[in-house]
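Report on the following structure.
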Amino acid sequence: MDIVTNLVDQFLNLVAPPVSFFSLCFFLPPFLLLKSFLSVLGYIFSEDVAGKVVLITGASSGIGENLAYEYARRGDCLALVARRQNRLRAVADNALEIGSPDVIAINGDVSKVEDCRRSVEETINHFGRLDHLVNNAGIGMACMFEESIDTTEFRNIMDTNFWGASFTTRFALPHLRDTKGKIAVLSSASWLPTPRMSIYNASKAALRSLFETLRVEVGSDVKITIVTPGFVESELTRGKFVVRDGKVVVDPDMRDVVVSAMPVAPAAGSAKAIVDSVCRGDRYLTVPSWFRVTYHWKVSCPEVIEWVLRLFFIPSSGSPDEEALSKKIVDYTGIKNILYPSTIQSPELKSRNLK
């Protein structure tokens, strides 16, 4: 039996690559033409979401907050979920003034399965339906893997970023099937092996794999848009991270190490692009769109990407993180005053400034 199996494997090793190559040569052009046609149809017949019900996790700040405002402008009813009740209530009030017919604020921690269940149940009990689910909640990190004091302290990253979206989606799926609804998941550009973000990147890569598999399982019943943001203004780009001892801190210096001279896209514009993409039924979206080139570099020449990341983000042996070239560029040029948004939209802003 082993001999037969080995012969089959050897045969496929010889035949599969050339057959696959020539098949793609014939299949790829008409497939790309069909995709272009469907994309045009998506723009023409984009979903009108006015009056529909949207559940957004991590809605108290950053992209989640601005997604709430964008859906509110389109006349959606909102169920907003976050841990910080006062900030969340302020976002809900702003969304009502912007144009949402009805908003409920649900105090919950997505890392806890019962909070995820309750969030969906409260949404259905209040509105009677669910049309869009936006899995946005997440936390970042800034710590070399080897420097972590206790690696188990980073479980909360996986619990929030991966399991939070998994739990919420599981409870929401039956209701989304009923409405032929949509799911958006913020997966991040996890293809870049950025130093100090190992567990964060792993959680986001797992998230992408989960929802790609789920897309096969649910078929056309529920459309799934996987969003891969680059650097978009949020608490992470302001320096809020889980650090080596597992604590959450706000460290602007470490933000300069991690973000460096990368342009930070405004959250409001990114939120609009995300909602537009979900309404079109897109499979993937990268915001800002130029950041997609990093994926092609990673696939085509990973050695170059790894060398560049080491050069810019890892200081010489024994030197503190602040000695990394990525931070020196920011310090010596002052370029962050140009590339970073000057303000972050927050629930404390008056509604008149959000319209």
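The values are calculated or read from the model by the stated rules, or taken from the named source; none is laboratory data. No experiment lies behind these values; they were computed from the predicted model shown. Virtual Cβ from ideal backbone geometry, glycine too; neighbours counted across all protein chains shown. Keep in mind that these areas ignore ligands, DNA and RNA; they rest on the heavy atoms of the full protein, side chains included. Shrake-Rupley method; radii C 1.70, N 1.55, O 1.52, S 1.80 Å.
Odds and ends about this structure:
- Of all the listed residues (Gly246, Gly239), the sole one being closer than 21 Å to Ser60 by Cα and touching a helix residue (DSSP H, G or I) at 6+ places or on another chain (Cβ under 8 Å) is Gly239.
- Filtered residues of segment 122-170 (kept if surrounded by fewer than 19 Cβ atoms within 10 Å (Cβ to Cβ) and part of a loop (DSSP other than H, G, I, E, B)): Gly128, Arg129, Met144, Ile149, Asp150
- Of all residues making up segment 300-335, the number that are over 10 Å from Ser260 (Cβ atoms), of a type in the set (Val, Ile, Thr) and part of a loop (DSSP other than H, G, I, E, B): 1
- Leu176 open to solvent by 50 Å² or more (accessible area, probe 1.4 Å) and either more than 20 Å from Val293 (Cα to Cα) or under 18 Å from the mean Cα position of the chain (by Cα) (or both): no
- Cross-chain or 6+ apart pairs with Cβ under 8 Å, segment 229-255 first and under 18 Å from Met158 (Cβ atoms) and of a type in the set (Asp, Glu), then open to solvent by 20 Å² or more (accessible area, probe 1.4 Å) and assigned to a loop (DSSP other than H, G, I, E, B): Asp245/Ile149; Asp245/Asp150
- Complete set of residues in segment 210-243 that are charged (D, E, K, R) and out of contact with any Pro (no Cβ under 7 Å at 6 or more places or on another chain): Glu212, Arg215, Glu217, Asp221, Lys223, Glu235, Arg238, Lys240
- Pairing residues of segment 190-202 that are closer than 19 Å to Arg292 by Cα with residues that are open to solvent by 30 Å² or more (accessible area, probe 1.4 Å) and not in a loop (DSSP other than H, G, I, E, B), at Cβ distances under 6 Å and at least 6 apart in sequence or on separate chains, gives Ser190/Ala205; Trp191/Tyr295; Trp191/Lys298.
- Number of the condition not met by Val249 [criteria: (1) assigned to a helix (DSSP H, G or I); (2) under 19 Å from Cys143 (Cα atoms)]: (1)
- Residues that are over 14 Å from the mean Cα position of the chain (by Cα) and among the aromatic types (Phe, Trp, Tyr) were ranked within segment 274-301; the one that is surrounded by the fewest Cβ atoms within 10 Å (Cβ to Cβ) is Trp290.
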